Amino acid sequence: MTKRIAYILVIVCCIIVTVGFFRYNPTVIYEKKVPTSAKTIVYLNLREIEYNILCSFLKHPLSQLDFKKSTSKKEKKKTIWLDEVEVPPSLFFYTNEQEFKNFFISSPIVVKQNFKEALKEEGFAVKNVSKTTVYSKGVISCVVKGNSLQVLLKKHKGAQILPQLLSKLNHENYFSQNDLILRRIKDSKQPIVIGTLQGDFFEFAADGGGLKVQGELSEENNLFKSFKATSIVSSMLSISGKLNTKIVADRLDKDFKDKFKKLTTLSLDSVISKWDGVVEGNLTSFIEKLDTIVTYEYDDDFNKIEKKEVQKTITPKVILEVEGEGLCSYLEEKKAIQKVDNEDLLTLMPLFTTYSFCEESGLRFTSVKNQKLVKKANKNSKFYFLFNVDDYQQKDRGIYSFKNKYLDKVKTIQLSVTNNNQLEAAVEFKNTSKNFFLQVLN
């Protein structure tokens, strides 16, 4: 009996290995996938992602499942548009700063006969743009020609699909697998890869219940300038680095700058021009305080009645340091920093009292008087960022609380850039046994 079970297990394993070899080692076709006008390419190895999920099921089968209470009501089966797609082994998305600047465009995908009906059933709006039918819902737009689909992902909600964009979807020149940008992607073993013509290259790998990113930044248009970054022990939120202010100003759109001016009466471009890019700060905790407020009312007989109400105030214990010659005098000139009761305060902050200290190299803002950063040098890093999401969400933070279905799953987020432009990032989920991709898709 034991031998029989052993033989069955061997046969099953052989079948899994054989099927797995052909399914998860498909030939990836790189020709006629990405046009030469693309400046940034995102590569998704869908078979590798599927294999990664399968391995998680084999290691921790029960932890990959969500057990939900069944309802007695039978819901009508709904056609899902993704069910009408022939899922390819891999998929490319690309963009540039010209005709595609507001979108990521997918390589062609084969669709089934009922695909258009499925889009309509899922609430995709239909619009004709320059004799081309476009189906849109949220940030996703679909252009279908015959049995071929191209997905257009908006970089921001206000992006518009124009005739010039659609005309550029029909390409003549494509990268070959021998071109450097595709060759590096081809050589990578990771499920998600991003590459640019400038030389930026990033690999994304699922690590248990989290995601790790490793890569390198090109010298051209590098957001992070040379700096000796520091970190703060036991911080909920920490940032340290020096940013390229020209790139920051260019990447902020006009709508954001207009909203900033309406809210503060300050020109964001003017503020950035006075700032040299250095930013260091941290959030270590929240200060909770109970205040008793006494009010008086009169009853029908005009008797004075004292009423007491206890109010809870929550203030983040935060410090922010920025550098820039003339930044302090500019904010004082614009009345953004004013003297109140012999204290210099940042009047733009309505949520809590923000003390301002003009220093030789720039400015320091604190929520607690005379508070200073206690810095610990990161010898090899020029930029460092940490967000301990789990610690932040441990308690009710009042008006500073937030809820997000993705961030609620996250424990920590870290990012560092070394002096030789090597980038490392990690997103650690609270649930370490459930596969990262499954948690994102749920």
Open item on the list: For segment 266-277, check the following and say yes or no: at least one residue is surrounded by 13 or more Cβ atoms within 10 Å (Cβ to Cβ) and at positive phi.
Closed with: yes
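Per-residue answers, yes or no, for (1) aliphatic (A, V, I, L, M); (2) without any contact (Cβ under 8 Å) to a residue 60 or more places away in the chain:
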position: GLN394; (1), (2): no, yes
position: ILE399; (1), (2): yes, no
position: LYS405; (1), (2): no, yes
position: ILE413; (1), (2): yes, yes
position: ASN421; (1), (2): no, no
position: ALA425; (1), (2): yes, no
position: SER433; (1), (2): no, no
position: LEU438; (1), (2): yes, no
position: ASN442; (1), (2): no, no
- [ ] Identify, by number, the condition in (1) in contact with a helix residue (DSSP H, G or I) (Cβ under 6 Å, 6 or more places away or on another chain); (2) farther than 30 Å from GLU216 by Cβ; (3) surrounded by 13 or more Cβ atoms within 10 Å (Cβ to Cβ) that SER130 doesn't meet.
- [x] (3)
TODO: Identify the single condition in (1) out of contact with any strand residue (DSSP E or B) (no Cβ under 9 Å at 6 or more places or on another chain); (2) in contact (Cβ under 8 Å) with a residue 60 or more places away in the chain; (3) aromatic (Phe, Trp, Tyr) that PHE256 does not satisfy, given that it satisfies every other one.
DONE: (2)
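Counting only residues that are under 15 Å from the mean Cα position of the chain (by Cα) and farther than 15 Å from ARG183 by Cα, how many does segment 196-219 have?
5
Could you please find all residues in segment 265-293 being polar (S, T, N, Q) and closer than 29 Å to VAL389 by Cα? Can you show your working first?
Step one: of segment 265-293, the residues polar (S, T, N, Q) are 265, 267, 270, 273, 282, 284-285, 292.
Listed by number, the residues that qualify are ASN282, THR284, SER285.
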Task: Matching residues, segment 393-433, being of a type outside the set (D, E, K, R), more than 30 Å from LEU54 (Cβ to Cβ) and surrounded by fewer than 18 Cβ atoms within 10 Å (Cβ to Cβ) - done: GLN394, GLY398, ILE399, TYR400, SER401, PHE402, ASN419, ASN420, ASN421, GLN422
Task: Residue satisfying all of: in segment 144-188; of a type in the set (Gly, Ala, Ser) and more than 28 Å from the chain's Cα centre (by Cα); nearest to VAL34 (Cα to Cα) among these - done: SER176
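Identify, from the list ILE161, ILE181, ILE194, the residue that is within 21 Å of LYS101 (Cβ to Cβ) and at pLDDT 95 or above.
Numbers: ILE161 fails: at pLDDT 95 or above; ILE181 fails: at pLDDT 95 or above.
None of the other options fit; the residue is ILE194.
Kindly establish whether ASN96 is within 15 Å of SER37 (Cβ to Cβ), surrounded by 12 or more Cβ atoms within 10 Å (Cβ to Cβ) and not acidic (Asp, Glu).
Values: within 15 Å of SER37 (Cβ to Cβ): yes; surrounded by 12 or more Cβ atoms within 10 Å (Cβ to Cβ): yes; not acidic (Asp, Glu): yes.
Yes; evaluated as a whole, the condition is true for this residue.
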Open item on the list: Looking only at strands (runs of 3 or more DSSP E) that lie completely in segment 267-355, which have at least 3 residues being more than 13 Å from THR366 (Cα to Cα) and outside the structural domain of ASN244 (by TED's automatic domain parsing)?
Closed with: 278-298, 304-323
Open item on the list: Checking the structure you have, find out if any residue of segment 265-286 is touching a Ser or Thr at 6+ places or on another chain (Cβ under 7 Å), small (Gly, Ala, Ser) and without any contact (Cβ under 8 Å) to a residue 60 or more places away in the chain.
Closed with: yes
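Does at least one position in segment 228-240 carry a residue that is touching a strand residue (DSSP E or B) at 6+ places or on another chain (Cβ under 9 Å), on the phi > 0 side of the Ramachandran plot and surrounded by 12 or more Cβ atoms within 10 Å (Cβ to Cβ)?
Step one: of segment 228-240, the residues touching a strand residue (DSSP E or B) at 6+ places or on another chain (Cβ under 9 Å) are 228-240.
If we keep only those that are on the phi > 0 side of the Ramachandran plot too, we end up with 234.
Filter again for surrounded by 12 or more Cβ atoms within 10 Å (Cβ to Cβ), leaving none.
No, segment 228-240 has no match at all.
The values are calculated or read from the model by the stated rules, or taken from the named source; none is laboratory data. All values derive from a computational prediction rather than experimental measurement. Every residue, glycine among them, receives a Cβ derived from its backbone with ideal geometry; neighbour counts consider all protein chains shown.
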